[in-house]
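Take a look at the structure set out below.
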Amino acid sequence: MQVRLTSVWAAALGGLALGGALALAAPTATAQPQNAPRPAASAAASANCPALLQHTVPRLQDEQPQALCQYAGRVLLVVNTASYCGFTDQYTGLEALNAKYAARGLVVMGFPSNDFRQEDADAKKIAALCFNTFGVRFPMFTPISVRGPSAHPLFAQLATATGQAPAWNFNKYLVGRNGVPVAHFGSTVSPSNPQLVAAIERALGAGR
């Protein structure tokens, strides 16, 4: 498994180790994604929003449109997810990352996709798996295509910037606070992988 890097991080990151699945997290009644956009601040946010985030995607739990510009200035870990994949247990590790680093500015973003024929057609079932089974609190969005000619523009931009389109579910794109992709991590790189964690910590510290 290779990691394709951009910008100054290329020298800092090496080969990646494979990681395993983590234990399930217990849900709560309020286990819903946070960080809803503030309409009053939308104009100001757009003015400072990098091109990568100038998209609107419905959130998973209620299909309310979400301007991705609300995450400008954060470090992002963008992941294409699926419900019936051998890597689905990575939801737990992704939630652990989000919980650990949210206060420092990390946002994990999950985008379900059926491009590899392992996602449910029913958004309510996807939501139940994420929020109830795995206790996900990070933002989840409605299913999109993540590769090929029908890929959502966000993933098309990520693939162009890193040279890597998703080869399977649970690819991970690390994006810096300036909206520039830093690295691509493949499906076999677990959320607890030391080099992924180190890359996140470096991105969080950049410009601070």
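The values are calculated or read from the model by the stated rules, or taken from the named source; none is laboratory data. Just so it is clear, the structure is predicted and the values come from calculations on it, not from any experiment. A quick note on method: Cβ atoms are made from the backbone with ideal geometry, for glycine too, and the neighbour counts reach across all protein chains shown.
Scanning the stretch 155-166 for residues that are surrounded by fewer than 22 Cβ atoms within 10 Å (Cβ to Cβ) and either on the phi > 0 side of the Ramachandran plot or not polar (S, T, N, Q) (or both) yields Ala156, Ala159, Ala161, Gly163, Ala165. With respect to the conditions (1) over 24 Å from Gln61 (Cβ atoms); (2) among the polar types (S, T, N, Q); (3) surrounded by 21 or more Cβ atoms within 10 Å (Cβ to Cβ), Asn169 lacks only one, and its number is (1). Filtered by the rule that a residue be of a type in the set (S, T, N, Q) and touching a Leu at 6+ places or on another chain (Cβ under 8 Å), the stretch 121-136 gives a lone residue, Thr133. Each residue in the stretch 124-183 was checked for being of a type in the set (Gly, Ala, Ser) and in a loop (DSSP other than H, G, I, E, B), and 10 of them qualify. Taken together, the residues in the stretch 98-128 that are surrounded by fewer than 20 Cβ atoms within 10 Å (Cβ to Cβ) and of a type in the set (A, V, I, L, M) amount to 6.
Yes/no per residue for (1) more than 18 Å from Gly135 (Cα to Cα); (2) at pLDDT below 50; (3) in a loop (DSSP other than H, G, I, E, B):
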site	(1), (2), (3)
Gly19	yes, yes, yes
Leu22	no, yes, yes
Ser46	yes, no, no
Asn80	no, no, no
Tyr84	no, no, yes
Leu97	no, no, no
Ala103	yes, no, no
